[in-house]
Amino acid sequence: MTMEIIRKYFSNLTDEQQYQFEQLAPLYEEWNAKINVISRKDIDHLYEHHVLHSLAIAKEISFVSGTTVLDVGTGGGFPGIPLAILFPNCRFKLIDSIGKKVKVAAEIAAHIGLKNVDTEHLRGENEKGKYDFVVSRAVMSLPDMAKLIRKNISSKQVNPLPNGLLCLKGGDLTAEIRPFRNIVQITPIANWFQEEWFKKKNVVYLPF
């Protein structure tokens, strides 16, 4: 799968953004040979399963300039790095409890010239900063994640949508969303992306 799948759904990329997205495949392949940040069998599907999947959050909300975003459990940089490419005027902090994975995210962000990304080897409970949004890819259950990051949500609102948590999740979410059923918003990614792989995958938005 090539970069074309990104252009298919995001046609207004600048030359710099296209270059940055194009660089992700060779960089992740190189790093994956040293540190297994992406499943070996999945690396050939990098753009669909990781980059485009991350960008589903951008279909849910288009962050305004100056938005601050915390990526909890970023692994090798998802969803943070694709979102940082797409929103160069927003600030992203990527954290993970596994140091070698954070190193990969930091090296790739630096290599492609992202100036809006900070990385830190840090557990979510030890992050003290305030952010407009927290993003993650199925790191833990929604109630556990909400409890963990509540302290990190800023009270100052700059986006049309209230500040909160944006998670990429699949499968049956009935039990997870029960405590938040009156406020949580679940959007099937298949609403935006037509590939079979996105069926039963969702963007979960929990406002605070």
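So here's what we get for this one:
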item: Hits in region 120-167 (condition: more than 17 Å from residue 183 (Cβ to Cβ) and touching a Cys at 6+ places or on another chain (Cβ under 9 Å)); result: 132, 135, 136, 137, 138, 139
item: Residues located in region 160-208, provided they are open to solvent by 50 Å² or more (accessible area, probe 1.4 Å), outside any loop (DSSP other than H, G, I, E, B) and in contact with a Pro (Cβ under 7 Å, 6 or more places away or on another chain); result: 179
item: Residue count for region 98-148, restricted to those that are more than 22 Å from residue 30 (Cβ to Cβ), polar (S, T, N, Q) and within 17 Å of the chain's Cα centre (by Cα); result: 3
item: Members of region 28-44 found to be buried (at least 17 other Cβ atoms within 10 Å of the Cβ) and assigned to a helix (DSSP H, G or I), listed by number; result: 28, 31, 32, 43
item: Check on residue 154, at pLDDT 95 or above, more than 21 Å from residue 59 (Cβ to Cβ) and open to solvent by 50 Å² or more (accessible area, probe 1.4 Å); result: no
item: Tally, over region 79-98, of residues that are small (Gly, Ala, Ser), open to solvent by 20 Å² or more (accessible area, probe 1.4 Å) and more than 22 Å from residue 151 (Cβ to Cβ); result: 0
item: Residues (over 15 Å from residue 168 (Cβ atoms) and surrounded by fewer than 18 Cβ atoms within 10 Å (Cβ to Cβ)) located in region 46-74; result: 62, 64, 65, 66
item: Criterion: more than 22 Å from residue 38 (Cβ to Cβ), out of contact with any Asp or Glu (no Cβ under 8 Å at 6 or more places or on another chain) and in a helix (DSSP H, G or I) - qualifying residue of 125, 107; result: 125
item: Residue 95 vs. criteria outside any loop (DSSP other than H, G, I, E, B), in contact (Cβ under 8 Å) with a residue 24 or more places away in the chain, under 12 Å from the mean Cα position of the chain (by Cα) and more than 26 Å from residue 9 (Cα to Cα); result: yes
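Residue-wise test of (1) under 26 Å from residue 23 (Cα atoms); (2) open to solvent by less than 40 Å² (accessible area, probe 1.4 Å).
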{"residue": "100", "(1), (2)": "yes, no"}
{"residue": "119", "(1), (2)": "yes, no"}
{"residue": "134", "(1), (2)": "yes, yes"}
{"residue": "140", "(1), (2)": "no, no"}
{"residue": "158", "(1), (2)": "no, no"}
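The values are calculated or read from the model by the stated rules, or taken from the named source; none is laboratory data. Every value quoted in this text rests on a predicted model; they were computed, and no experiment measured them. Because the Cβ atoms are built from the backbone with ideal geometry, glycine has one as well, and the counts that use them run over all protein chains shown. Surface areas here come from the heavy atoms of the whole protein model, side chains and all, with no ligands, DNA or RNA. Shrake-Rupley method; radii C 1.70, N 1.55, O 1.52, S 1.80 Å.
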